[in-house]
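Beneath this line is the structure, given in structure tokens, with notes to follow.
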Amino acid sequence: MAYQVIIPAAGQGKRMGAGRNKILLEIDKQPIFIHTLRIFELDENCEGIYLAINPQDEKEMKELLNEYHISKVIALAPGGKERQHSIYNALKCVKQEGIILVHDAARPFIDKRHLDLLVKAAEKNGAAILAVPVKDTVKKAAGNIVTETVERSSLWAVQTPQAFRFSFLMNAYEKAFADHFLGTDDASLVERIGQDVMIVEGNYDNIKLTTPEDLYFAEAIIRKRMGNQP
């Protein structure tokens with residue numbers, strides 16, 4: 001179940017309010033993106049990592065990759081104006097067919113079991129995403145007035161990684177680029193070319209670190225996982 005992974009890491013993290021790229025912030029005494037990369041570094045099925053970065057972070061990131069012995073990074077692609085542009089730049093660096101994953105650098109709690117399930121689903125179906133059932137009641141509104149309570153039994157909160165056959169993802173990105181279309185995630189581009197996307201149920205721990213409050217949740221997840229170790 002071999003795969004490669006693209007990790008967009010060029011965001012400014014404005015909602016984190018840190019004044020720098022949020023993935024360089026530390027949890028458990030290590031940068032967030034190092035926690036994320038180590039998952040793929042230690043997975044024997046991962047054949048390579050493609051990072052899309054902000055050029056101003058390049059020197060620091062290279063030093064950290066060396067310090068933490070991250071050896072699977074094949075290319076550092078330039079980040080773009082939007083996440084989609086960054087991923088497309090990285091996608092163009094990939095030289096071989098197979099399964100390609102896209103994963104958020106600020107989502108450091110994905111586990112190997114879900115990686116394996118996701119890659120297997122993508123090999124079978126061509127496209128697969130991790131998601132968890134929505135737990136909260138969801139309402140549609142016009143301004144501040146509720147117009148509808150949405151039936152949540154069919155709703156899923158989407159996570160990363162998302163996994164695709166390389167040819168499907170490249171075709172989807174090329175069409176989106178040609179049409180000047182900006183999607184909400186990679187799967188939305190693949191859906192747009194008529195490809196079915198399979199859902200693999202994920203884990204609620206697989207959070208994306210976006211706001212300062214998320215750092216508290218991250219520390220709690222780390223403590224829980226340390227407590228689960230023998």
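Derivation of every value follows stated rules applied to the coordinates shown; laboratory data play no part. Not measured: the values here are computed from a predicted model. Cβ atoms come from the backbone with ideal geometry, glycine included; neighbour counts cover every protein chain shown.
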Can E148 be described as of a type in the set (D, E), assigned to a helix (DSSP H, G or I) and without any contact (Cβ under 8 Å) to a residue 24 or more places away in the chain? no
Cβ-Cβ under 7 Å, sequence separation 6+ or interchain: first residue in the stretch 182-194 and at negative phi and crowded, with 17+ Cβ neighbours inside 10 Å, partner among the hydroxyl-bearing types (S, T, Y) and in a helix (DSSP H, G or I). Which pairs? L189/Y173
In the stretch 83-119, what residues are assigned to a loop (DSSP other than H, G, I, E, B) and surrounded by 19 or more Cβ atoms within 10 Å (Cβ to Cβ)? V94, H103, D104, A105, A106, R107, P108, F109, I110
Quick check, is Y50 part of a helix (DSSP H, G or I), crowded, with 20+ Cβ neighbours inside 10 Å and in contact with a helix residue (DSSP H, G or I) (Cβ under 6 Å, 6 or more places away or on another chain)? no
Looking at the stretch 55-82 only, could you name the residues that are of a type in the set (G, A, S) and either assigned to a strand (DSSP E or B) or buried (at least 16 other Cβ atoms within 10 Å of the Cβ) (or both)? A75, A77, G79, G80
